[in-house]
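Report on the structure given below.
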Amino acid sequence: MNRIFLDNAATTPIDEAVLSVMTTALRENFGNPSSIHAEGRSSRAAIEQARKAVAHYIGASIGEIFFTSGGTESNNMVLKCAVRDLGVQRVISSPIEHHCVLHTLQTLQKTTEVEIVMLSLDEKGRIDAQELEQLLKDESRKTMVSLMHSNNEIGTMIDLDAIAELCESYGAYFHSDTVQTMGYFPINVSKTRIGFLSGSAHKFYGPKGVGFIYINSDNMIKPFVDGGSQERNMRGGTENLHGIIGLAKALELAYENREKRQQKIQSLKTYLKEGLESNFGDIQFNGDPEGLSHYKVLSVSFPASPKSDLLLLNLDIAGISVSGGSACSSGVDTGSHVINALHPESSRKTIRFSFSYHNTLEEIKVVLAKLKEIMPELALVS
Ligand SMILES: Cc1ncc(COP(=O)(O)O)c(C=O)c1O
């Protein structure tokens, strides 16, 4: 039986065309991009071609794109360099950011004088723009606002343009973790005044271990990784050439097919949501599925019971891969900091379904049938 993969917010399967350019690069572009001979120059040209493509798709200049090892590194780099090099004294963020932002902020709080301010959220995970504006009115300290474009667990999104405008009008730097939205929404930094954003190839059908950061050229930060002049001195180390080539190809495919993919994924999410509503009693949706929400994520909570406790495991046994929240890096399920922040009293069990353009309606029908089989007591009709 083919497995049904509905954990595409954790990672996505690699596109065939991406794999193909990567294997060609691995075989043929073996020159070190820093070498001055022909093999080196050819590898350097391939990296610069990739940079040009990424810059083109997000409306940036070539000099504003830096390749990294992924979203985690990009977010670390922005926050740590902003405090170290731009004199940021206050970071305004939210308690449901990805751990790579939250843990970086904790480290900064311990090791620097920076003040960390967490915005309050409503039960759907939305920030209050008025609260943010009130905070920004205090312009006595250099401030960075760091808010993710879409939450990876519940899909709630911010209005990127509105927050960018707000930050600009009060002279604050704006960083957005766009790891879940890059390639899914038409982000264009020539239209949206944003200082920093982060992308990760494996979320848009590219390879793992490679990402990028956009840094607006007004923001002069210093190297994050010392040791070489790669990435215009910002990140020493021989470049992940095949990864970078794969990233650019994956982003190209994501932008070129964006509307088609979006339609397909949105229809699957809608079908599952409606199917859950009409087939099950006592379910709740986390986040803001009817509002500003990522079309690839549907987070559902079921009442606490011995069966719902084993839901992930039983779905896995049935050939269906979903997750309880985000993909956890420790391999131990410690609950979700996002759900705990929004529903601290709740003992309900959360399942995150996240879709790719490879999923089919047939698969969603199987998921609904399996859920009924696993939890017949919740089914409204058998
Ligand atoms: C919102 C968000 N930010 C950052 C990351 C980290 O990205 P990477 O896996 O490339 O380090 C993830 C991955 O789960 C994510 O969902």
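The values are calculated or read from the model by the stated rules, or taken from the named source; none is laboratory data. Everything numeric here is computed off the predicted structure, so don't read it as measured data. Here the Cβ positions follow ideal geometry from the backbone for every residue, glycine too, while neighbour counts run over all protein chains shown.
Per-structure values
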| item | result |
| --- | --- |
| Residue count, segment 29-63 (criterion: closer than 18 Å to Arg232 by Cα, touching a residue at least 40 places away in the same chain (Cβ under 8 Å) and among the polar types (S, T, N, Q)) | 5 |
| Answer from Ala55, Ala60, Ala50 - the residue that is in contact with a strand residue (DSSP E or B) (Cβ under 6 Å, 6 or more places away or on another chain) and not in a loop (DSSP other than H, G, I, E, B) | Ala55 |
| Residues that are over 27 Å from Met148 (Cα atoms) and without any contact (Cβ under 8 Å) to a residue 40 or more places away in the chain, drawn from segment 269-298 | Glu274, Glu277 |
| Which listed residue is in contact (Cβ under 8 Å) with a residue 60 or more places away in the chain, of a type outside the set (S, T, N, Q) and over 21 Å from Ile96 (Cα atoms), from Gly211, Gly155, Gly171, Gly199 | Gly211 |
| Criterion (surrounded by 13 or more Cβ atoms within 10 Å (Cβ to Cβ), at pLDDT 95 or above and not small (Gly, Ala, Ser)) met by exactly one of His56, His37 | His56 |
| Criterion (surrounded by 15 or more Cβ atoms within 10 Å (Cβ to Cβ), under 30 Å from Ser61 (Cα atoms) and small (Gly, Ala, Ser)) met by exactly one of Gly228, Gly237, Gly246 | Gly246 |
| Set Met144, Met77: member being away from the ligand (no atom under 16 Å from the Cβ) and buried (at least 18 other Cβ atoms within 10 Å of the Cβ) | Met144 |
| Residue within segment 95-102 that is in a loop (DSSP other than H, G, I, E, B), acidic (Asp, Glu) and more than 26 Å from Arg193 (Cβ to Cβ) present | no |
| Selection within segment 103-126 - part of a helix (DSSP H, G or I) and hydrophobic (A, V, I, L, M, F, W, C) | Leu105, Leu108 |
| Failed item, numbered, when His98 is tested on (1) within 30 Å of Arg352 (Cβ to Cβ); (2) in contact with a strand residue (DSSP E or B) (Cβ under 8 Å, 6 or more places away or on another chain); (3) surrounded by fewer than 22 Cβ atoms within 10 Å (Cβ to Cβ) | (3) |
| Segment 65-74 - residue that is outside any helix (DSSP H, G or I) and of a type in the set (Val, Ile, Thr) and, of those, farthest from the ligand (Cβ to nearest atom) | Ile65 |
| Residues that are modelled with pLDDT of 95 or more, of a type outside the set (A, V, I, L, M, F, W, C) and within 22 Å of the chain's Cα centre (by Cα), drawn from segment 217-257 | Asn240, His242, Gly243, Gly246, Lys249, Glu252, Tyr255, Glu256, Asn257 |
| Condition broken by Asp288, with the remaining ones in (1) at pLDDT below 95; (2) acidic (Asp, Glu); (3) within 25 Å of the chain's Cα centre (by Cα) satisfied | (1) |
| Filter result (surrounded by 19 or more Cβ atoms within 10 Å (Cβ to Cβ) and over 16 Å from Leu197 (Cβ atoms)) within segment 40-52 | Ser43, Arg44, Ala46, Ile47, Ala50 |
| Residues of segment 165-202 that turn out to be farther than 18 Å from His56 by Cβ and more than 18 Å from the chain's Cα centre (by Cα), as a count | 10 |
| Test: residue in segment 104-112 that is touching a residue at least 60 places away in the same chain (Cβ under 8 Å) and over 30 Å from His343 (Cα atoms) | no |
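A quick yes/no check of all residues on (1) at pLDDT below 95; (2) within 21 Å of Leu108 (Cα to Cα); (3) crowded, with 17+ Cβ neighbours inside 10 Å; (4) among the aromatic types (Phe, Trp, Tyr):
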residue: Asp128; (1), (2), (3), (4): no, no, no, no
residue: Leu160; (1), (2), (3), (4): no, no, yes, no
residue: His175; (1), (2), (3), (4): no, yes, yes, no
residue: Met182; (1), (2), (3), (4): no, no, yes, no
